[in-house]
1. Considering only residues that are in contact with a Leu (Cβ under 8 Å, 6 or more places away or on another chain) and open to solvent by 20 Å² or more (accessible area, probe 1.4 Å), which ones fall in region 334-354?
2. Just give me the residues in region 782-807 being surrounded by fewer than 18 Cβ atoms within 10 Å (Cβ to Cβ) and either among the charged types (D, E, K, R) or part of a strand (DSSP E or B) (or both), in sequence order.
3. Taking region 176-200 as the search range and keeping residues that are open to solvent by 10 Å² or more (accessible area, probe 1.4 Å) and of a type in the set (A, V, I, L, M, F, W, C), which one is nearest to the ligand (Cβ to nearest atom)?
4. I'd like to verify a number: residues in region 415-450 that are away from the ligand (no atom under 16 Å from the Cβ), open to solvent by 10 Å² or more (accessible area, probe 1.4 Å) and touching a strand residue (DSSP E or B) at 6+ places or on another chain (Cβ under 9 Å), how many?
5. Any residue that is open to solvent by 20 Å² or more (accessible area, probe 1.4 Å), free of Cβ contacts under 8 Å to residues at least 12 places away in the same chain and more than 16 Å from the ligand (Cβ to nearest atom) - is there at least one of those in region 591-603?
6. Which residue pairs have Cβ atoms closer than 9 Å, lie 6 or more positions apart in sequence or on different chains, and pair a first residue in region 455-473 that is basic (Lys, Arg) with a second residue that is outside any helix (DSSP H, G or I)?
7. Please enumerate the residues belonging to region 463-482 that are within 16 Å of the ligand (Cβ to nearest atom) and either surrounded by fewer than 16 Cβ atoms within 10 Å (Cβ to Cβ) or not in a loop (DSSP other than H, G, I, E, B) (or both).
8. Cβ contacts < 8 Å: first residue small (Gly, Ala, Ser), restricted to region 619-641; second residue part of a strand (DSSP E or B) and open to solvent by 10 Å² or more (accessible area, probe 1.4 Å), any location; separation 6+ or different chain. Result?
Amino acid sequence: MMIQQFLLNGEWQLSGGEIDLIPAQVPGNVHTALLQAGLIADPYYRDQEVVAFWVGETDWTFERPFTIPHDLLKSDKLLLKCHGLDTLATIWINGRELAQTDNMFRIYEFDLKPFVNEGKNDIKIQFKAPATYAMQRLRERYLHNWGVEKDPKRAGEFISHHKLPGGNYLRKEQCNFGWDWGPKVPTAGIWQDIEIVAFNNARIDDIYIRQVHKEGVVDLSVDLNVEKITAGNLKAQLTVIFDDQPVATAEQTVDEKLTQFHLTIEKPNLWWPNGLGEQPLYTVLVQLRDAQNQALDQTSCRIGLRTLRLVRQPDEWGESFHFEANGVPFFSKGANWIPAESFLDWLTADDYERLIQDSALVNMNMLRVWGGGIYEPDLFYDLCDEYGICVWQDFMFGCATYPTFDDEWMATFEQEAIGQIQRLRHHASLALWCGNNELEQGLVAPEETETTMSWAEYGRLFDQLLPKLVQQLDPQTDYWPSSPHTPIGDRHNFNDPTSGDAHIWNVWHGLEPFEFYRTCLHRFNSEFGFQSFPEPKTVYAYTEPQDRNITTYVMEHHQRSDNGNSRIMHYMLDWFRLPTSFENTLWLSQIQQGMAIKYAVEHWRRTMPRGMGTLYWQLNDCWPVASWASIDYYGRWKALHYMARHFFAPVLISGLEDWDSGDVEIHLTNDQIVEQTGEVVWQLLTTAGAVLENGRFPTTISPISSSQVLTLNFKEAIAAHTARQLMVHLSFEQDDQILSDNLVLFCRPKHLELAVPSIHAVYEADEDGFIEVTITTDTTAIWVWLHSEQLDIRLSDNFFHLLPGQSKVITIVVDEEIGLEEVKTAVPIQSLVDTFA
Ligand code: BMA
């Protein structure tokens, strides 16, 4: 008989504190059940999060009946499989304790047989209050955690800045206790599927696929692990499917736990990161049969034929740090990924698809799944495989010291790591396993102190256990102990520019000017970032009219970085004229954020091949908040995300200006595997749009390289016109197509002398039902953007510059059915001048 699986998802009953038996969805959590029942308000609205703190301080019980039919009870094995319990759970079956669990990231299986009867049964899962437990443990032994402080005045009390105390004691999503962009909503619940599994004879435990790439073929070796209960001959059949056709098959008898298959794929279609090639995927299907040829179990997984390695070798600057796909080095472009929801059950498949698609659309090829969140569900990695987004996967530790001295805690983590490596290792997109986020950035010292763990305690987990497990279970993926990590010389010397990866926070946290980025020559920038506010529509969703000033209590409540709003304004005074309204402040903060990250990324792309990667902090949000994200909680693209498409373009033209000498260096950066030939076109313009000088010349740029193609000097023009009235427009053109264009200024935008543009728009519906708008201007308009308070719109480009004589065609995708006329009135067009004029 084939293995049987029965989901116990759906409606359960929830009780806790004063609340008795309200309906609760599984998968789900306590907060969303209470919200559904009208017992708490939306924690994302105003400061309702604070009102809901009691939820994390309460024990909760989920329960439901279930039925076990007669033949199920006769199965050789009857198991309860929990794909995710958050977190401190005791499971009761018919009033008897089945098991206790302590790790949200583990998949647990328990023998159910001795606990159930034929017919009606019931299951209860009790969850301990996470906030209360965490606090107790912290009182027993202090463990440092950024964002939490010991209260100097009251022993045993803590000052909670952006986090609730003690989360580092629990194997639970760390940012559920709060973060410098996330709310403090420690929840509890059955957050993943829960099911009953019954089988006879045998089942498939897991498979492991190794690839060996040779000239024109890929050899696959597949390890099949089988759990065998009864003796008897078993057979396993393996089929590799591509484009719905079998391309290789093999059959074996299964005598032992482990059976190995060897197959060859001829003429392999190789998988490539986004921008470098296609993402063909093969399905590996394994079927297990008994001696009578009856199917017992089957499993399948999708793979991409590729090699994907982190390359570290001595070079003229120290030690390289870059990724190579199929032997081809590539520059990593992307962002850091945080959980896309604080209440994970609210996330839909569409939300995931949109975020991964949005990453690929702006020319990203890598996301880092950051260590303070969760190992994402399979769907996330499936989408990354499909869109060519390589995954830098952290293990779930971040910004705190951890109790590696506790053997029980280490043991549960070991099981977590084994389970997650086995679950994710076959994904084409998996590029790297990384131990943790930022522990080596000041949280470890030779000896344990109040604020550090010792290297010995740290090493136990990140230098011994984890590399050993990765080597055993996924030897074809590299392991990196921490982000950032300096592999050469003094390990305390994090952010060394000659080797390893770096987190550059001198701009923003360190209040250094944007120019600081250009002094950084690191090998790989895995974090750096700049905040902005979400757009007005998003802010309106969590505020009332009286909250709409960035200094109000509610606006500051939706800002978790220390003095975050002051930092935004600090830089704004440096770069821009003060905006005239609340809404303009929000928009301008987005332009500023985009400019900061563009400044950094263009510089780092110019340093290729010394620097081989930039992942900005951060792609997404888990609630509506001021943050470093480029896509807000509702999926709305901030200015940064639109700008990313340009500064991550496969071929980039950029200008490096020297305001003192009047020099502009023109640089071309090519991420493509093939050389690019085209024309560089430049114009020196007045702010009114008059062309003072111009030129064009043909040029070729080699694959995967960056070079300075020309330096121009505009000292005389600056003397004649002032820096405030000049700009240089650059473009790189190929067959009449502009592959990249850019604007160079000689002063801060606040000093630019810009006239008020009159922007003209002509709307048309194209044959696919999209709306196209052609935009022109009578004078130079900087950072032109379209937006809508009424409609959710997506634009093919936004926050662009427009010169008189140019026309820009933008496609507008509107989420709802709506006529051309309505769009016209609902989509105003603004530019920089409108933020202050
Ligand atoms: C980095 C990250 C996060 C944090 C961000 C902004 O250090 O690893 O912990 O949210 O900075 O401060």
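1. Across region 334-354, the qualifying residues are ALA349, GLU353.
2. GLU789, ASP792, ARG794, ASP797
3. Filtering region 176-200 for residues that are open to solvent by 10 Å² or more (accessible area, probe 1.4 Å) and of a type in the set (A, V, I, L, M, F, W, C), the one nearest to the ligand (Cβ to nearest atom) comes out as TRP179.
4. Going through region 415-450 one residue at a time, the tally reaches 11.
5. Scanning region 591-603, I find no residue that is open to solvent by 20 Å² or more (accessible area, probe 1.4 Å), free of Cβ contacts under 8 Å to residues at least 12 places away in the same chain and more than 16 Å from the ligand (Cβ to nearest atom), so the answer is no.
6. Short answer, once both residue conditions are applied: ARG460/THR404; ARG460/PHE405.
7. TRP480
8. Correct list of pairs: ALA626/GLN559; SER630/TRP637; ALA639/TRP783.
The values are calculated or read from the model by the stated rules, or taken from the named source; none is laboratory data. Keep in mind the model is a prediction, meaning the values are calculated, not measured. Virtual Cβ from ideal backbone geometry, glycine too; neighbours counted across all protein chains shown. Just so you know, the surface numbers come from the protein's heavy atoms only, side chains and all, with ligands and any DNA or RNA stripped out. Shrake-Rupley method; radii C 1.70, N 1.55, O 1.52, S 1.80 Å.
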